[in-house]
Amino acid sequence: MSCGDIPDGLPTEEQGEALMPKKQKVQRVDKSLCQKCKASKSMYIIRGVTYCKACFEVSVSTRFIRTMYPPLKASYHESQNNTSKKVTLNQGGTRPFPTGGSTIIGLSGGSGSITLLDLLSLNDFIGKSDDKMIYDKTKGEKEPIWKRGYIVHVDFSDILNNNNDKESQDRTDFLHSWVKEKENGYIFIGLKAHDVFNPNLKLKIQSLAGLGEDEKDESSQDGIAVDLKNPDLPLFPTPESSSSTSTPLEQLRSLLASLPPPSRPSLLSSILNHLLTFTSIIIPNISHILLGETSTRQAQRLISGTALGKGYTLPLDLSITHKQSNGITKLKPMKDITTKEVAIYTHLKGLNKDLVRNERRWDNSGPIGKKDSRGKGDTKSLESLTEQFIASLGVTHPATVSTINRTGDKLTFTGKKGQGVSCPVCEMPVDPNALEWKSRTALTSLSTKIIPEDLVSKDVKDEENKDKLATLLCYACLTTFTPPTVVSKVARDEVSPIQLPYYVSNNAQYRKTVGREEMKDQIKDFLIDQ
């Protein structure tokens, strides 16, 4: 049987080539055996490949090391002033280069962060001294990558509604004892989410890290408040009496209660990122922040971040390595490992019983939303909805996570890294057209009728001259703080400012200072010297 018309007069061999080729035999794979060692009985199936216990652990460790190799090799050559060498992909899991600094490891208590810390300990990637890396090659010891490791755990149990539940209780002491059992010289730093309202946060971190305490920083005492009922988000100075009467926990609960329930996880995520970054600044000689985000978590962040309006900074948020403006690099060594794999890994190590808690339950922070007349309300956040969607879809379509991540790897940051201004809340680069885009896509206020001058209240006139937080925020944070309903600019009975975290006020003041200096630089050629 031929697959096409054969011209007349062709030789016999060419006629044979035109015939339809025979169907190749499909090689059958014995699923009962491990496809890596071909000898042991298979125990787990990951993306259609069967593994035994030993080969599975080797596969996870190899991908973990291979992910860290390119960014650490690039930073090593940069520190040696040698940029001519090309950074190649590490295929065999070769040990990464030493950085010469210390590292901070984010420990949430989930499978990803627990696996990250366990792999760092098994491979002896972190030393036990700040001064010199002491190791004995005659005993098989290898040179550590980082001199010392600082474990940072941020607890959110105090702001959850069901904090009496066993799954939502504070686990700081339990994680601290587990870290001590490793005997790797780790320094454990346990923080609370409401520490962003603590004026003595710097002293607390220095005390937990075993550093010498500096003098009290008076600049962090000044706070600001914002009117969340106004779409312009006007800023007000915080009276000293109000900040002294309420505790940091009460201030955070008040801020969460003022936001709609779907916006709270986004704010808590910004608070978590700030506490990790601020700790890395306080502790000297920190070169990297290691996060245990898996590929499944990265896929969820891609979908939810796009829906929340984080498209401008999404490439920076999803990249394996992100060097911040302070010179410290965020590194995600678990990006090529799925949540299923880290769950299996912690199960093999016997850590799932009491140690691992994967649910953050940030949707339960603050008061429960009320249902409207249509019976709608108590809406979950986009993060939790995306997490459930990808988890359920991955059961029937195992390639869901890898497909989403391959799409995210194609995204590029259109701004200039290390330049421009940052958002006071999430501390990420700000799209210069954020407020303009928001005004085009959302109805934030009603058009006011022409009102006589004497009927406009004095509060409204003064409000127009106030500083506004909306002009400083990125698009995503602007969406987070936007009131859930349309509010008239004139018909407003009372103003109830809500205090913001201290780091937000410091960043806002810095933005104003930088803005004035940039204006002076633009007009310096036109100024006349007197």
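Throughout, read-outs are computed from the coordinates displayed, never taken from laboratory work. Predicted model, so just to flag it, every value in this text is computed and none were measured. FYI the Cβ positions are ideal-geometry reconstructions off the backbone, even for glycines, and counts take in every protein chain you see.
Quick one: net charge of S59's neighbours, Cβ under 9 Å, K/R +1, D/E -1?
Working: positive: K36, R63; negative: E57, E341.
Here the count lands on 0.
By how many nm would the segment from K353 to S402 grow when fully extended, if each residue of separation counts as 0.36 nm and the alpha-carbon distance is taken off? The partial results should precede the final answer.
On the way: separation 49, 0.36 × 49 = 17.64 nm, distance 2.87 nm.
Between K353 and S402, full extension yields 14.8 nm more.
So, by mean Cβ neighbours within 10 angstrom, what's the order for 48-54, 107-113 with the highest one leading? Spell out each step's value before the answer.
On the way: 48-54: 16.7, 107-113: 24.1.
Listed from highest to lowest mean packing, they are 107-113, 48-54.
I need the peptides 387-393, 197-203 ranked by packing, meaning the mean over residues of other C-beta atoms within 10 angstrom, with the highest value on top. Before the final figure, lay out each step's value.
Numbers: 387-393: 15.4, 197-203: 19.4.
Ranking the peptides 387-393, 197-203 by packing returns 197-203, 387-393.
Could you state the orientation-averaged shadow area of the convex hull built on the Cα atoms of segment 284-334, in nm² to one decimal? Kindly include the intermediate steps, with their values, before the conclusion.
Details: hull surface 15.3 nm².
Result: 3.8 nm².
Quote the FRET efficiency, to the nearest 0.05, computed for I281 versus D170 with a Förster distance R0 of 22 Å and r equal to the Cβ-Cβ distance. It would help to have the intermediate numbers written out before the result.
Details: r = 26 Å, r/R0 = 1.16.
The calculated FRET efficiency here is 0.30.
Using a Förster distance of 45 angstrom, determine the FRET efficiency expected from the C-beta separation of K182 and V495, and round it to 0.05. Before the final figure, lay out the partial values.
Values: r = 52 Å, r/R0 = 1.16.
Step by step, r from the Cβ atoms, then E = 0.30.
Output the pairs from K128/K180; K73/K330; K128/K323; K332/K410; K38/K340; K38/K335 with a Cα-Cα distance over 19 Å in this structure; if there are none, say none. All intermediate terms of the calculation are to be shown ahead of the outcome.
Numbers: K128/K180 13 Å; K73/K330 15 Å; K128/K323 25 Å; K332/K410 17 Å; K38/K340 23 Å; K38/K335 28 Å.
Over 19 Å apart, Cα to Cα: K128/K323; K38/K340; K38/K335.
For segment 270-364, just run the numbers: alpha carbon Rg, then divide by 2.2 N^0.38 Å, N being how many residues it has. Mind dumping the intermediate values first?
Working: Rg = 15.1 Å, N = 95, 2.2 N^0.38 = 12.4 Å.
Cα Rg divided by the expected 2.2 N^0.38 Å: 1.21.
With a sphere of radius 14 Å drawn around the Cβ of L393, what net charge do the other residues whose Cβ falls strictly inside it have (Lys, Arg +1; Asp, Glu -1)? List each step's numbers first, then the result.
Numbers: positive: K340; negative: E387.
Its environment carries a net charge of 0.
Just to confirm a number: summing +1 for Lys and Arg and -1 for Asp and Glu over residues other than M334 whose beta-carbon lies under 10 angstrom from that of M334, what do you get? List each step's numbers first, then the result.
Values: positive: R63, R297, K332, K335; negative: E293, D336, E341.
That sum, taken over residues with Cβ under 10 Å, equals +1.
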